[in-house]
Amino acid sequence: MSGIYKVSGKKFALPTSQEASRSLSEARWVVRPGGWLVLEFPDGTRRRLALHEARGQLAVAINGRLYSGVINEESRHRGTEKAEADADLTAQFPGKVRKVLVSAGAKVAEGDSLVLVEAMKMEFTIKAPADGKVTKILVTEGQQLSPGDRFLDFEVNGGASGG
Amino acid sequence: MKQKVLVANRAEIACRIFQTCREMGLGTVAIAAPGDEEARHLTYADEVHRVPGYLDIPAIIEVAKRSRAQLIHPGYGFLSERPAFVKAVEKAGLIFVGPRADTMELMGGKISAKEIAAREKVPTLPWAKVPAGGDIKAAAKQVGFPLLLKASAGGGGKGMRRVDRLQDLEAAAESASAEAVSAFGDGTLFLERLVEKPRHIEVQVFGDGKGGGIHLYDRECSLQRRHQKVWEEATAPHLTGATREGLYEAAIRLVRGVKYRSAGTLEFLVDADGKFYFLEMNTRLQVEHPVTECVTGVDLVWAQLAQAQDTEEAILTDVPAARGHAIEVRLYAEDPAQGFIPTPGRIEKLRWPTGPGIRVDSGIEEGQTVGTQFDSMIGKLIVFAQNRDHALARLRYSLDETVILGSAGFGTNQNYLRALADHSSVKEGRVDTGFLEREFGNFAPSLSEEELRLIAAARAGGFGKACAPAAAVSGKAAIPSPWSAFYKPGSSA
């Protein structure tokens with residue numbers, strides 16, 4: 001398995017487990033109380049991290065930094081791209097649709113602005129999660145949003161549909 | 001029967017006030033609004049009562065009567081600066097822990113506070129009221145450019161507009177007034193001269209309500225984003241003795257001049273020449289009060305409660321000694337790398353740092369789901385050390401040891417705070433209120449090749465999932481997880 005770890009909208013490629021194991025072949029993993037994983041190298045040095053992974057989300061504490069993001073396996077690329085597109089196109093918090101910037105049938109590139117949302121006294125832009133096509137608009141301007149409301153149906157280029 | 005305190009607030013500040021209440025042998029009464037069912041402050045109170053909302057004055061008074069709480073502490077935000085709440089509490093025969101209603105009205109209104117400042121010979125920025133139907137342009141010429149249009153009824157950036165030129169004034173005033181009406185129900189504006197790259201310096205005070213009072217030194221809160229503070233310190237670095245003394249004397253004149261009672265904070269802007277200007281007063285305990293408590297050793301909540309319980313006893317009559325340096329950072333459930341969007345979710349792993357000079361005022365528990373209904377601040381990390389350099393080192397250590405991992409997209413601004421602690425201007429203590437928006441506007445995550453390898457290897461070993469193996473695993477031949485019959489390696493749980 002390898003995969004893409006998407007943190008704060010930025011994608012990072014994870015090496016395959018074979019590649020990772022090879023580079024760490026002399027090291028030993030130890031699970032320590034407190035939920036820490038310690039990697040011990042033959043020269044005595046150690047690295048420490050903590051992970052939590054569930055339902056496609058991976059949170060990591062490493063080198064004093066915390067990362068939280070979506071993890072997609074390469075082998076299930078299509079299916080999880082759909083899951084990822086779904087999450088990006090669903091309201092995460094209550095708000096209001098300020099403006100819809102595209103119409104049904106529009107072909108868009110990853111990162112294109114699709115919908116303007118007002119929430120928590122701030123304005124957010126919902127962007128296209130991948131190259132693809134907007135198949136159906138599901139909200140209207142001025143509409144109140146609840147978490148879980150979908151903004152639009154989206155078809156990722158290459159066939160996987162979100163919706 | 002021991003006295004009880006009802007805390008008309010929630011999360012970390014309610015927990016913090018409960019601590020001192022218990023230390024003083026006072027009973028603790030919590031209120032719970034819908035959406036806060038899992039909130040931490042409910043776990044630690046002696047009694048919990050439901051209310052429709054934290055701003056519901058009649059409901060809160062009703063709870064106080066039912067629970068026989070004699071003292072009401074408002075915390076910060078919510079009803080803490082509402083004279084109507086103070087009056088309702090007193091009308092019910094209960095004790096409000098804080099200033100009197102009339103002082104709150106006087107010092108809470110931005111325009112009336114400026115007038116008091118003028119009376120007490122405390123410098124303010126050149127300013128002018130916007131005359132109803134009068135000549136706003138003449139007023140603006142008096143104040144000078146650049147200037148800020150501000151709402152007199154409230155803050156947080158609402159109803160505020162910067163104006164650089166006379167010709168932009170009228171359009172800006174219309175827009176600002178409309179925003180103020182929508183936010184505060186009052187569109188009254190005033191004009192205030194804008195200081196370029198100011199420092200936000202505030203002075204903690206405690207008054208006896210009879211014309212006496214002390215200061216408890218200053219704090220610097222220049223690191224703000226959209227008027228939301230992120231990082232505060234006691235005491236402010238690089239202030240001359242003259243500026244510091246001037247700030248303290250001005251603060252005391254104001255406290256004594258209005259016969260202020262209980263804890264409060266006076267906010268100032270300090271310009272590059274060390275000249276200071278009074279901005280406004282916060283007639284309550286502030287979020288960042290812990291840094292003052294660290295450098296003085298004084299428990300401000302204790303002082304408030306002791307004074308409220310016995311109005312005859314003299315509390316905090318002498319300025320305490322100050323030593324060392326304290327820094328507080330605010331943890332928010334938001335993502336600075338994506339426009340600070342809220343990142344609610346469930347907290348799966350929570351580890352706070354511990355050790356000398358580390359204080360955590362937490363609003364969260366492991367297993368709690370953090371939503372978006374309330375403020376997204378989840379806790380405060382405060383460090384205290386013998387000098388500023390060591391405090392910075394202690395902050396870096398503490399952030400490195402803080403683990404708040406969540407699921408369902410949960411994230412915090414922890415990395416952003418950690419990056420701030422490495423920034424040269426922050427380390428030098430040379431920042432202003434525009435610094436964060438100028439220098440930290442494009443924060444982005446970065447993972448090194450080594451970190452990605454470690455993560456990949458840890459996942460390959462099955463760690464981090466709900467069914468992780470509890471034994472040591474070598475990189476060469478992994479011991480299969482006892483749960484491997486139930487899931488295929490490589491699939492998400």
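The values are calculated or read from the model by the stated rules, or taken from the named source; none is laboratory data. These figures come from a predicted structure and were not determined experimentally. Virtual Cβ from ideal backbone geometry, glycine too; neighbours counted across all protein chains shown. Protein only, heavy atoms only, side chains kept; ligands, DNA and RNA dropped before computing areas. Shrake-Rupley method; radii C 1.70, N 1.55, O 1.52, S 1.80 Å.
What the table below lists for this structure:
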{"read-out": "Angle in degrees between helix B:169-184 and the longest Cα principal axis of chain B, rounded to the nearest 10", "value": "70 degrees"}
{"read-out": "Qualifying lysines (Cα of each under 16 Å from Cα of B:LYS87; at least 8 residues distant if same chain)", "value": "B:LYS65"}
{"read-out": "Sorted largest first, extent of chain B alpha carbons per principal axis (Å)", "value": "80, 61, 45"}
{"read-out": "At 1.306 mPa s and 10 °C, Stokes diffusion of segment B:1-70 via Kirkwood alpha-carbon radius, µm² per second", "value": "135 µm²/s"}
{"read-out": "Order of exposure, largest accessible area first, which applies to B:GLU81, B:GLU232 with probe 1.4 Å", "value": "B:GLU81, B:GLU232"}
{"read-out": "Square roots of 5 times each gyration tensor eigenvalue, C-alpha, segment B:222-311, largest first, Å", "value": "23, 17, 13"}
{"read-out": "Low-density loop positions, trypsin sites (Lys or Arg not before Pro), segment B:119-163 - DSSP coil, at most 12 other Cβ in 10 Å", "value": "B:LYS121"}
{"read-out": "Under-5 Å amide H pairs with B:THR343, H placed in peptide plane, nonlocal only", "value": "B:GLU334, B:ASP335, B:GLY411"}
{"read-out": "Percent of C-alpha pairs per 10 Å bin, segment B:83-153, short to long", "value": "17, 36, 26, 16, 6, 0"}
{"read-out": "Ranking by accessible area, most exposed first, for B:MET377, B:MET1, B:MET107 with a 1.4 Å probe", "value": "B:MET1, B:MET377, B:MET107"}
{"read-out": "Residue-averaged 222 nm ellipticity for chain B, from DSSP H runs of 4+ at -39500 (n - 2.57), nearest 500", "value": "-9000 deg cm²/dmol"}
{"read-out": "Aspartates and glutamates whose Cα lies under 16 Å from that of A:LYS107, excluding same-chain neighbours fewer than 8 positions away", "value": "A:ASP131, A:ASP153, A:GLU155"}
{"read-out": "Test item: Cα-centred dipole of chain B, Lys/Arg +1 and Asp/Glu -1 on Cβ, debye", "value": "300 debye"}
{"read-out": "Estimated translational D of segment A:1-80 in µm²/s (Stokes, Kirkwood radius over Cα pairs; 10 °C; 1.306 mPa s)", "value": "114 µm²/s"}
{"read-out": "P(r) weight above 40 Å for the protein assembly as shown, C-alpha pairs, percent", "value": "36 percent"}
{"read-out": "q = 0.18, 0.20, 0.25 Å⁻¹, segment B:109-203: log10 I(q)/I(0) [Debye, one scatterer per Cα]", "value": "-0.82, -1.01, -1.44"}
{"read-out": "Accessible-area composition of the protein assembly as shown, carbon plus sulfur, in percent [1.4 Å probe]", "value": "49 percent"}
{"read-out": "Hydrodynamic radius of segment B:40-124 per Kirkwood, over alpha carbon pairs, in Å", "value": "14.5 Å"}
{"read-out": "Mean shadow area of segment B:187-233 over all directions, Cα convex hull, nm²", "value": "5.7 nm²"}
{"read-out": "Entries in A:LYS99/B:LYS158; A:LYS127/B:LYS150; B:LYS114/B:LYS275; B:LYS91/B:LYS150 that, when Cα-Cα distance is taken, lie over 24 Å", "value": "A:LYS127/B:LYS150; B:LYS91/B:LYS150"}
{"read-out": "Under 16 Å from B:LYS210, Cα to Cα: lysines that are on another chain or at least 8 residues apart", "value": "B:LYS259"}
{"read-out": "Kirkwood hydrodynamic radius of segment B:282-429, Cα pairs, Å", "value": "16.9 Å"}
{"read-out": "Scattering profile of segment B:314-373 at q = 0.13, 0.20, 0.22 Å⁻¹ [log10 I(q)/I(0), Debye over alpha-carbon scatterers]", "value": "-0.58, -0.94, -1.04"}
{"read-out": "Kirkwood-Stokes translational diffusion coefficient of segment B:335-411, alpha-carbon pairs, 10 °C, 1.306 mPa s, µm²/s", "value": "117 µm²/s"}
{"read-out": "Spin-label model distance (nm) - B:HIS390 vs B:GLU245, 7 Å beyond Cα toward Cβ", "value": "2.8 nm"}
{"read-out": "Contact surface B-A: accessible area buried, both sides summed, square angstrom, 1.4 angstrom probe", "value": "5200 Å²"}
{"read-out": "Qualifying trypsin sites (Lys or Arg not before Pro) for segment A:1-60 [loop in DSSP, other Cβ within 10 Å: at most 13]", "value": "A:ARG55"}
{"read-out": "Intensity falloff of segment B:132-288 expressed as log10 I(q)/I(0), Debye formula with alpha-carbon point scatterers, at q = 0.10, 0.19, 0.20 Å⁻¹", "value": "-0.42, -1.21, -1.25"}
{"read-out": "For segment A:90-147, alpha-carbon Rg over 2.2 N^0.38 Å", "value": "1.08"}
{"read-out": "Rounded to whole Å, sorted largest first: equivalent-ellipsoid semi-axes of segment B:146-195, Cα gyration tensor", "value": "17, 11, 7"}
{"read-out": "Using distinct alpha-carbon pairs, which all enter the 1/r mean, Kirkwood radius of segment B:191-265 in Å", "value": "13.4 Å"}
